[in-house]
Amino acid sequence: MNMIDLKERIIVITGGARGIGYAIAERVIQSGGKVAIWDQNENMAKDSASALGSGTVAFGVNVADPQSVKNAAATTEEIFGRIDGLVNSAGITGPVKPTIEYDVDEWKDVVDVCLTGTFNCCRHVVPVMSKRDYGRIVNISSVAGKEGNPNIAAYSAAKAGVLGFTKSLGKELAKTGIAVNAVTPTTAKTPILDGLTAEFIEYMRVRIPRDRFVELREIASMVVWLLSEENSYTTASTFDLSGGRTTY
């Protein structure tokens with residue numbers, strides 16, 4: 001494993017209690033950083049923080065609620081004195097069904113967490129980073145945001161929105177010490193698959209030229225580099241983790 005220097009860096013990870021977020025948290029700790037887990041499931045977040053060990057704190061945060069995010073950002077800054085990195089990993093797939101069968105509230109729930117939640121977190125963390133003119137933001141999008149997947153239109157649209165938002169915010173902050181990038185993983189074996197049918201999961205797998213799902217450690221490896229000081233030039237960009245599925 002290559003060593004990435006995140007010594008003493010303070011990294012906020014949304015949805016960090018399990019799945020992709022937790023794998024990233026593990027790699028941040030291994031790289032010398034400290035982690036603030038923001039997760040809607042507060043008890044699970046605290047259990048995960050305990051497993052990760054010293055230097056990790058956890059808060060129950062609803063990323064779709066601007067006040068919840070504002071409070072978490074203020075408390076995290078109060079505890080650590082700063083925020084150096086933000087990983088927007090919180091997300092939900094929503095129901096698997098044709099667009100014409102979607103209820104508007106089901107659509108809204110997915111967009112609120114995946115897209116508006118990413119905005120809310122950046123909205124309240126960027127001012128904290130700006131005080132020191134330093135920060136690294138990594139937004140977890142999806143191959144679905146590039147190519148679209150049938151019967152999860154809300155998720156595909158929200159993740160595409162994350163890419164557009166990343167490019168916009170990255171350009172806004174390009175003359176500062178804050179970099180904003182996104183990654184687009186293909187399917188990984190995480191709890192988010194629990195809401196999908198076996199047929200749909202197989203539909204996604206067979207479209208990956210690598211002929212396997214991405215491993216959590218592979219996502220974490222790319223993300224921690226994007227969080228590091230070494231990523232000093234690239235911003236407003238998308239990094240592919242699709243196993244060859246996407247072509248742009």
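The values are calculated or read from the model by the stated rules, or taken from the named source; none is laboratory data. Computed from a prediction, not measured in an experiment: that's the story for all the values here. Glycine also receives a Cβ, built like all others from the backbone with ideal geometry; neighbour counts cover every protein chain displayed. Side chains are part of the model used for accessible areas, which takes the heavy atoms of the whole protein and leaves out ligands, DNA and RNA. Shrake-Rupley method; radii C 1.70, N 1.55, O 1.52, S 1.80 Å.
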With the requirement that a residue be over 21 Å from Gly21 (Cβ atoms) and in a helix (DSSP H, G or I), what does segment 130-145 give you? Ser130
Residues being under 14 Å from the mean Cα position of the chain (by Cα) and closer than 21 Å to Ile201 by Cα - total across segment 88-112: 5
Note on Val113: of the conditions (1) assigned to a helix (DSSP H, G or I); (2) among the β-branched types (Val, Ile, Thr); (3) in contact with a Ser or Thr (Cβ under 8 Å, 6 or more places away or on another chain), unmet is (3)
Go through (1) touching a residue at least 40 places away in the same chain (Cβ under 8 Å); (2) within 30 Å of Glu230 (Cβ to Cβ) one by one and return the number of the condition Thr56 breaks. (1)
Residue under question is Val180, and the condition is that it be touching a strand residue (DSSP E or B) at 6+ places or on another chain (Cβ under 9 Å), open to solvent by less than 10 Å² (accessible area, probe 1.4 Å) and farther than 16 Å from Ile20 by Cβ; does it hold? yes
Going by what's in this entry, would Ser48 be described as more than 26 Å from Ile178 (Cα to Cα) and of a type in the set (S, T, N, Q)? yes
Can you name the residue in segment 97-108 that is of a type outside the set (A, V, I, L, M, F, W, C) and under 14 Å from Ala158 (Cβ atoms) and, of all such residues, is surrounded by the most Cβ atoms within 10 Å (Cβ to Cβ)? Tyr102
Hey, could you check segment 36-60 for residues that are part of a loop (DSSP other than H, G, I, E, B) and touching a Gly at 6+ places or on another chain (Cβ under 9 Å) and say which is least open to solvent (accessible area, probe 1.4 Å)? Gly55
Of the residues Gly19, Gly81, Gly33, which is out of contact with any His (no Cβ under 7 Å at 6 or more places or on another chain), at pLDDT below 95 and either open to solvent by 20 Å² or more (accessible area, probe 1.4 Å) or of a type outside the set (Lys, Arg) (or both)? Gly19
Positions within segment 119-133 being under 20 Å from Trp38 (Cβ atoms) and not basic (Lys, Arg), in sequence order: Phe119, Asn120, Cys121, Cys122, His124, Val125, Val126, Pro127, Val128, Met129, Ser130
Scan Gly94, Gly161 and give me the residue that is open to solvent by 10 Å² or more (accessible area, probe 1.4 Å) and in a loop (DSSP other than H, G, I, E, B). Gly94
For segment 61-78, name all the residues that are open to solvent by 30 Å² or more (accessible area, probe 1.4 Å) and either touching a Leu at 6+ places or on another chain (Cβ under 7 Å) or closer than 16 Å to Val111 by Cβ (or both). Asn62, Ala64, Asp65, Pro66
Of all residues in segment 142-156, how many are within 12 Å of Val111 (Cβ to Cβ) and either surrounded by fewer than 19 Cβ atoms within 10 Å (Cβ to Cβ) or hydroxyl-bearing (Ser, Thr, Tyr) (or both)? 2
Condition set of a type in the set (A, V, I, L, M) and either touching a Leu at 6+ places or on another chain (Cβ under 8 Å) or open to solvent by 20 Å² or more (accessible area, probe 1.4 Å) (or both), scope segment 183-207, selection farthest from Val111 (Cα to Cα): answer is Val206
Checking the structure you have, find out if any residue of segment 208-223 is free of Cβ contacts under 8 Å to residues at least 40 places away in the same chain, in a loop (DSSP other than H, G, I, E, B) and hydrophobic (A, V, I, L, M, F, W, C). yes
